[in-house]
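Report on one structure; see the data block that follows.
The values are calculated or read from the model by the stated rules, or taken from the named source; none is laboratory data. These figures come from a predicted structure and were not determined experimentally. Note that we place each Cβ from the backbone using ideal geometry, even for glycine, and neighbour counts take in every protein chain shown. The protein model used for the area step is the full one, side chains on, heavy atoms only, and it has no ligands, DNA or RNA in it. Shrake-Rupley method; radii C 1.70, N 1.55, O 1.52, S 1.80 Å.
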Amino acid sequence: MTGAIINAAAILAGGAVGLLLKGRFNEKISRAIIRAIGLCVCIIGISGALGGDIMLMVTSLALGVLAGEFLRIDDGLNALGEFLQRKFSRGDGESTFAQGFVSSTLLFCVGAMAIVGSLDSGLRDDQSIVTAKSLIDGVASVALASTFGVGVLFSAVAVFLYQGGIELFAGQLQDVFSDELIAQLSGIGGVMILGIGANMALDAKLKVANMLPGFLFAGGYYFLFF
């Protein structure tokens, strides 16, 4: 689970730097910075979404959102973030804890690099993709933590569990995650990342976590029709 440790450590380090910068800017400047970062996140999401099949994407996300709304996944993740805030926050009334936790967890986990890098780490002990992802996530966590606060650091736990699980079972998963399937899942993830960017840049209030079941429907659609 070397790759997962590297990635989680990068997020913690970047988040710690971001916390040192938090509060150094007035609210107007902070809002401008997060909107600019949100636009960059939108570009990342669009680039990822362009690689997916349109019919698979539309069908999977429509069914995924239906399931996610029924299961109230976004509400559950926000409730977890609020629970962590009560347990670990310094009581400074930081209302952005849950938003930072949910947004950063989704941003760091839904991309194709998380899957491919973890498979390479688990199968071949090749950390090149994980290292590149860690650098990107570390820089992103600086920006996110400087705006949202300590909730971003807790996303390192989710990244460690998610990527560590893929590494641990890489031998069994390599036959499931073909290059084509990863490309389709990356397309779904790109739409979710675009939603995160819209929330940051435009305060769109999209419940991105409710789209997560779309990954399961995308896998089913792929194996049925591809």
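The rows are residues; the columns are (1) touching a strand residue (DSSP E or B) at 6+ places or on another chain (Cβ under 9 Å); (2) over 29 Å from residue 178 (Cβ atoms); (3) open to solvent by 30 Å² or more (accessible area, probe 1.4 Å).
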{"site": "3", "(1), (2), (3)": "no, no, no"}
{"site": "18", "(1), (2), (3)": "no, yes, no"}
{"site": "29", "(1), (2), (3)": "no, yes, yes"}
{"site": "32", "(1), (2), (3)": "no, yes, yes"}
{"site": "37", "(1), (2), (3)": "no, yes, yes"}
{"site": "66", "(1), (2), (3)": "no, no, yes"}
{"site": "79", "(1), (2), (3)": "no, yes, yes"}
{"site": "87", "(1), (2), (3)": "no, yes, yes"}
{"site": "103", "(1), (2), (3)": "no, yes, no"}
Segments classed as helices (runs of 4 or more DSSP H), wholly inside segment 126-192, with at least 1 members that are modelled with pLDDT under 90, farther than 13 Å from residue 114 by Cα and small (Gly, Ala, Ser): 128-148, 170-173
Index of the failed condition, residue 200 passing every other in (1) open to solvent by 10 Å² or more (accessible area, probe 1.4 Å); (2) of a type in the set (A, V, I, L, M, F, W, C); (3) more than 29 Å from residue 125 (Cα to Cα); (4) modelled with pLDDT under 90: (1)
Out of 140, 145, 114, I need the residue that is touching a Lys or Arg at 6+ places or on another chain (Cβ under 8 Å) and within 16 Å of residue 197 (Cα to Cα). Which one? 145
Under 9 Å between Cβ atoms, at least 6 apart or on separate chains: pull out the pairs that start in segment 72-88 with a residue that is closer than 10 Å to residue 98 by Cα and end on any residue that is surrounded by fewer than 14 Cβ atoms within 10 Å (Cβ to Cβ). 85/95
